[in-house]
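Beneath this line is the structure, given in structure tokens, with notes to follow.
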């Protein structure tokens, strides 16, 4: 039978010292997980690693990576355009094959507790892993690391911390970590030309669900000093259940209405099937729904059905 497959996509607050990022990646591989992708961005001063494996392997790899990050990343000297509260800023677990949402939540809770007890990082649970579910990263990151290191705000107490925690707030150099469980997410950065940063912020604001934008969209605008560019950074939650191209078309229209144009799009991490299927269908004018005919989806469905049949016969 095919083993269950879990994905983790931790974000680390280091995007300039590639030696540190590579040490984190090496720790993940050393724990037995398969690294699918990693990237580092100097303006954001942030790196993202995508890795998969069995649930136990992915959990051990996440703990190993966190140990390296806590040892080598010091938020007291960290600067970058992206909001952050920790050296290991976010650690989401994504059930891919043979795992349920509840399985991912249980793994997130176990890993978060271990991060607190074994690595010494206070932990907040977010997304599906929070109680009640749905706690957002923007809520937890309000004010950044600096708002937490001197003491916990009344509305933000960690869900897990060492019993003998000696600090009034977050870890003095590693901050705190947000650990979550969620579906496949699309994280993409879009460079725009012809917009001021204020105009780009207005575009980003218009895309958010609470302002009438598509459900599940989180968007921020950044000025990138090293690239001398303006970027709109978006997350689309549950990218397999929503159309990324609908979001992109809305962004394209809003940028054009503000007098700008899109220069390039960068996807962080892996490309969700839905994005590829929708983009190909639109560009090629394919007849019918392309998503069910994606080979990767058909193969996953075949493996799941085969294993289910084998289980019934055993």
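Identify, from the list 115, 140, the residue that is under 24 Å from residue 219 (Cβ atoms), touching a strand residue (DSSP E or B) at 6+ places or on another chain (Cβ under 6 Å) and assigned to a helix (DSSP H, G or I). Please lay out each step first, then the result.
Values: 115 fails: under 24 Å from residue 219 (Cβ atoms).
Result of the check over 115, 140: 140.
Does residue 152 satisfy being modelled with pLDDT under 95 and at negative phi? No; evaluated as a whole, the condition is false for this residue.
Out of region 40-50, which residues are more than 18 Å from residue 115 (Cα to Cα) and within 16 Å of the chain's Cα centre (by Cα)?
From region 40-50, those more than 18 Å from residue 115 (Cα to Cα) are 40-48, 50; that's our starting set.
Answer for region 40-50, where residues must be more than 18 Å from residue 115 (Cα to Cα) and within 16 Å of the chain's Cα centre (by Cα): 40, 41, 44, 45, 46, 47, 48, 50.
All conditions in (1) modelled with pLDDT of 95 or more; (2) on the phi < 0 side of the Ramachandran plot; (3) assigned by TED's automatic domain parsing to the domain that holds residue 277 hold for residue 215, with the sole exception of (1).
Considering every residue within region 73-94, establish whether at least one is crowded, with 16+ Cβ neighbours inside 10 Å and more than 20 Å from the chain's Cα centre (by Cα).
Going through region 73-94, the residues crowded, with 16+ Cβ neighbours inside 10 Å turn out to be 73, 75, 78, 80-94.
Still in the running and more than 20 Å from the chain's Cα centre (by Cα): none.
Checking region 73-94: not a single residue is crowded, with 16+ Cβ neighbours inside 10 Å and more than 20 Å from the chain's Cα centre (by Cα).
Residue 192 passes every criterion in (1) modelled with pLDDT of 95 or more; (2) closer than 30 Å to residue 96 by Cα apart from (2). Is it the case that residue 229 is in contact with a strand residue (DSSP E or B) (Cβ under 6 Å, 6 or more places away or on another chain) and either closer than 26 Å to residue 67 by Cβ or in the same structural domain as residue 107 (by TED's automatic domain parsing) (or both)? Spelling it out, it is not the case that residue 229 is in contact with a strand residue (DSSP E or B) (Cβ under 6 Å, 6 or more places away or on another chain) and either closer than 26 Å to residue 67 by Cβ or in the same structural domain as residue 107 (by TED's automatic domain parsing) (or both). Selection of region 145-178 for residues being outside any loop (DSSP other than H, G, I, E, B), in contact with a helix residue (DSSP H, G or I) (Cβ under 7 Å, 6 or more places away or on another chain) and within 13 Å of residue 76 (Cβ to Cβ) yields only 175.
The values are calculated or read from the model by the stated rules, or taken from the named source; none is laboratory data. Please read these numbers as outputs of a predicted model, since none were measured by experiment. Using ideal geometry, Cβ is built from the backbone for each residue, glycine included, and neighbour counts are taken over all protein chains shown.
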